[in-house]
Amino acid sequence: FVLEGDRKLTPQQRVDFNRRRQYEYSNLHLHPGIEERVQSATRQRERFVGLHLRYTDRSAQAPWDFQITKALKTVRERTGITELFIASDTPDKRDEWMQRTLKLGFSPWHANAESLSRSDPRSAWTALEDWRILSKARGAVYFSASSFAEEATVAAGTWSESIPLDAGPVRLAVVKSAKLMDYARTYPRRHNWLNR
C-alpha cells in the first residue's frame, strides 16, 4: 500500500484507506502450515488484545515501560478484555512483559515456544504467525515505529481501539546517549588498544 510523495490524508481519507487495506487483508491467505498453527494457538481464545514489542532494530524508538503499562490499561478499559497475546522480537522482553502483565491482572500468552534468531530463515514463519494472531486481536498496544503491528491492527479493523506509542524526545535522547557511551566504552577493545 503506497501513498505517493509526501501526501497527507485527512481523517476521513485515513479511515477509507484503512478500510480498503482491511478488505485486502481479509483476502490474504498465508501458508496452510502458518494458518494451522495460528488456529491451534487461538482455538481457546475467542477474545484477546495484543502487545507487540520491537526492541532489536527499533530500540531507539521504543517507548518507556510506563507508557506501555498505561496503554495496556487503557486498551483493557476500552475492550473489557484481559486475555493478552504478547509478540516480541526478543524472548527476554517477551518473558519480562509476560510477568509484568500478569501482575497487572492480564492473562498473558504467546505462540512461539522456540526462540529463533532473526537471521534464522525459520523466524519468518514465527513472525508471520505472530502477525496473523495480532490481526485477530480486538485491540493492540505497539510501538508506532512498527509497521508490522500497525498493519496487523488494520487487518483486524481495530486501529481505533489500538494505541501506537512513540518514544518521545527524552527517550530518544537517553537511548542515543547510552549508545554513544557504549560506543566510547568499547572503542579501545574494538581497536585492539588493550592487546598491545
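The values are calculated or read from the model by the stated rules, or taken from the named source; none is laboratory data. Small disclaimer: the values here were computed from a predicted structure and weren't measured. Here the Cβ positions follow ideal geometry from the backbone for every residue, glycine too, while neighbour counts run over all protein chains shown. All accessible areas refer to the heavy atoms of the entire protein, side chains included, with ligands and DNA or RNA removed. Shrake-Rupley method; radii C 1.70, N 1.55, O 1.52, S 1.80 Å.
Brief remarks on what is shown
- Per residue, segment 68-167 exposes 45 Å² of accessible surface when a 1.4 Å probe is rolled over the protein heavy atoms with every protein chain present.
- Beta bridges assigned by DSSP with both partners in segment 32-138 are antiparallel in approximately 0 percent of cases.
- Note that segment 22-32 has calculated 3J(HN,Hα) couplings of 4, 4, 4, 5, 5, 9, 8, 10, 7, 3, x Hz, one per residue in order, obtained from phi through the Karplus relation 6.51 cos²θ - 1.76 cosθ + 1.60 (θ = phi - 60°); glycine and proline are x.
- Environment charge of ALA155, counting only residues whose C-beta is closer than 15 Å and scoring Lys/Arg +1, Asp/Glu -1: -1
- Percent carbon-and-sulfur accessible area, segment 38-164, ignoring ligands, DNA and RNA, probe 1.4 Å: 47
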